[in-house]
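All remarks here apply to the structure that follows.
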Amino acid sequence: MVRLLMRAAPRAGLRLLLRDLSTRPPGRVMAGLSEHDRAELIALFTLMRSGEGFVNDMLPVPDCAGQVTQPVLVIASRTDGSVPFAHAESLAAAVPRAEPAESRADGHMIWFAPDYPAIAGRIKEFLGAG
């Protein structure tokens with residue numbers, strides 16, 4: 001349905017999807033996106049297929065965060081409508097070698113935020129490529 005909506009009415013579809021990706025009003029999020037960013041999001045949502053992956057995301061899983069031994073960079077936005085910031089804080093606190101990184105994105109898609117160059121730098125630094 002999402003792919004059909006994105007093909008038939010892309011701007012309306014994008015606005016509808018942004019309701020679940022941000023705690024901010026969809027119009028405000030749309031206003032903060034460039035035309036290029038909107039086109040990228042429309043293309044992304046047009047290609048997505050939920051299949052069983054989405055259903056798997058809804059299944060309960062045991063908490064094994066404390067067993068993670070590798071360093072983890074936990075990136076989150078306070079306005080993410082899909083994953084509460086408290087979830088990222090909890091994960092960063094539970095994983096022994098976690099480093100939190102806060103994005104100022106208007107929602108879940110951090111790479112469309114004005115501060116993404118700084119986040120990308122943090123990612124590269126974390127990976128030892130910076």
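Listing for the model above:
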quantity	calculated
From the coordinates shown, volume of the Cα convex hull per residue in Å³ corresponds to which of (i) 140; (ii) 123; (iii) 98	(ii)
Helix-only [θ]222 nm of the chain, DSSP H runs n ≥ 4, -39500 (n - 2.57) each, per residue, nearest 500	-14500 deg cm²/dmol
The chain, dipole about Cα centre (Lys/Arg Cβ +1, Asp/Glu Cβ -1), debye to the nearest 20	480 debye
Loop trypsin sites (Lys or Arg not before Pro), the range 25-130, which have at most 10 other Cβ atoms in a 10 Å radius of their Cβ (DSSP)	Arg49, Arg97
Accessible area in square angstrom per residue, the chain, 1.4 angstrom probe	67 Å²
Sequence of Thr69, Thr79 when ordered by accessible area, the most exposed leading, probe 1.4 angstrom	Thr69, Thr79
Leu4/Leu44 FRET efficiency (R0 22 Å; Cβ-Cβ; nearest 0.05)	0.90
Computed accessible area, Val68, all protein chains, 1.4 angstrom probe, square angstrom	50 Å²
Residue among Leu47, Leu73, Leu17 with the largest mean-square fluctuation in a Gaussian network model of the chain, springs linking Cα atoms under 10 Å	Leu47
Solvent-accessible area, 1.4 Å probe, carbon plus sulfur percent, for the range 1-99	59 percent
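The values are calculated or read from the model by the stated rules, or taken from the named source; none is laboratory data. As the structure is a prediction and not an experimental result, all values here were calculated from the model. Cβ coordinates were reconstructed from backbone atoms using ideal geometry, including for glycine residues, and neighbour counts include every protein chain displayed. These area figures cover heavy atoms from the full protein model, side chains too; ligands, DNA and RNA do not enter into them. Shrake-Rupley method; radii C 1.70, N 1.55, O 1.52, S 1.80 Å.
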